[in-house]
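See below for the structure under consideration.
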Amino acid sequence: MNNKFDFQEEHVINEINKRKAKLVLLQLPEGIKQEAVRLANYFESKTNAEVVVSGETCWGGCDLALDEAKNLGADLIIHYGHAPFIKKVDFPILYIEMKDNTPIDNLLNKSKKSLEKFNSLGLVCSVQHMHQLEQAKEFFEKLGKKVIIPEKKGYSHYDGHVVGCEYNSLKLISKGVDAFVVLGNEFHSLGAALSVRNPVYLLDTYNQEIVDMTKLRDKVIKQRFATIEKVKNSKKIGIIVGLKPGQKFGSFKIIKKKFEDSGKEVVIITMAEVNKDKLVNFHGIMAFVELACPRIAVEDYGKYDQALVTFREALVAIGELKWEDLIEHGFL
Ligand code: SF4
């Protein structure tokens, strides 16, 4: 355990021993990879397993290192930091969700002023704060507000749990609440703001701030509009099919023909990780649709010279959806 996060070391050791694992692949998200050496050495000292650390990037529960583990001949993946995301996995995985132990009392008190005009709230959080959701609910209820924690949907693993690409649970209650409160970080609250029309407030547990997401939402929506226009005006389109096991958002078959019918040249490209260097290699293609994580297109805006859109945004570019549909029902 470090001060902020509980790495549940003893639980992991018990599981390795119970499962009689001999070769373990340890997978950590980027923000906590610095703990990898300590954890690997500790687990090896307390079990009969050899522990190998995955040096590849890991962005979500979608990003299980299944091929790496199979290539290595590992018999267990220990996946830190995320709740289960992929429904059926043909490999033993031990998920270790991480609790953020930072107290939220001050943050809740701080939020009173920003939220005083709302009578009803939808309340959600990232997986690190699931253990604090009830505390937040009780706090707002004591202020006389109606609080709804939405039921899990799709990739969410718990009621009130959001991941960056899954906001259907919020959409289903959006008409019944005045605003949404997201306990966690900007990434998850921006996703919420791009998915529902209600005001969204971030209770930022890292910076201990309350953030009204309206300004950022408006800025990103303008960026998305300009990017879709660039795709519409491009003669050549690259459609990127994601190779990470849980990153399958949309079908290239649906959009390829439509782009071709509108006179564009289309190429389908596979990529595990989308980055600037890889896109540059495709000279002459200035517009890409990415069917991997939908947040790549949104978060990486400005990193590339080329336009990069999500599947839903591509549907707007080919006329299958209207721009207003994205505004009304979400971009992700
Ligand atoms: S937002 Fe992207 S990285 Fe996060 S779980 Fe969804 S697909 Fe994976």
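When the square roots of the Cα gyration tensor eigenvalues are ordered a ≥ b ≥ c, the ratio a/c for the chain is 1.5 or more and a/b does not exceed b/c, which makes its shape oblate. Largest GNM mean-square fluctuation across 277, 63, 75, computed for the chain with C-alpha springs under 10 Å, falls on 277.
Identify all aspartates and glutamates with a Cα-Cα distance to residue 110 below 12 Å; exclude those on the same chain that are fewer than 8 residues away in sequence. In chain and number order, the partners are 204, 209. Taking 281, 233, 106 in turn, the Gaussian network model of the chain (Cα-Cα springs below 10 Å) assigns the largest fluctuation to 281. Under 5 Å from the amide H of residue 99 lie the amide H atoms of 6, each residue being 5 or more positions distant or on a separate chain, with H modelled from the backbone and absent for Pro and chain starts. Phi angles across segment 309-321 convert, under the Karplus curve 6.51 cos²θ - 1.76 cosθ + 1.60 with θ = phi - 60°, into 3J(HN,Hα) values of 10, 7, 4, 5, 5, 5, 4, 5, 4, 9, x, 7, 10 Hz, Gly and Pro given as x.
Among the trypsin sites (Lys or Arg not before Pro) in segment 1-109, those located in a DSSP loop and surrounded by at most 12 other Cβ atoms within 10 Å of their own Cβ are 20, 87, 88.
We did not get these values from a lab; they are worked out from the coordinates using the rules stated. Because the structure is predicted, anything quoted here is derived from the model rather than measured. Cβ: placed from backbone, ideal geometry, glycine included. Neighbour counts: every protein chain shown.
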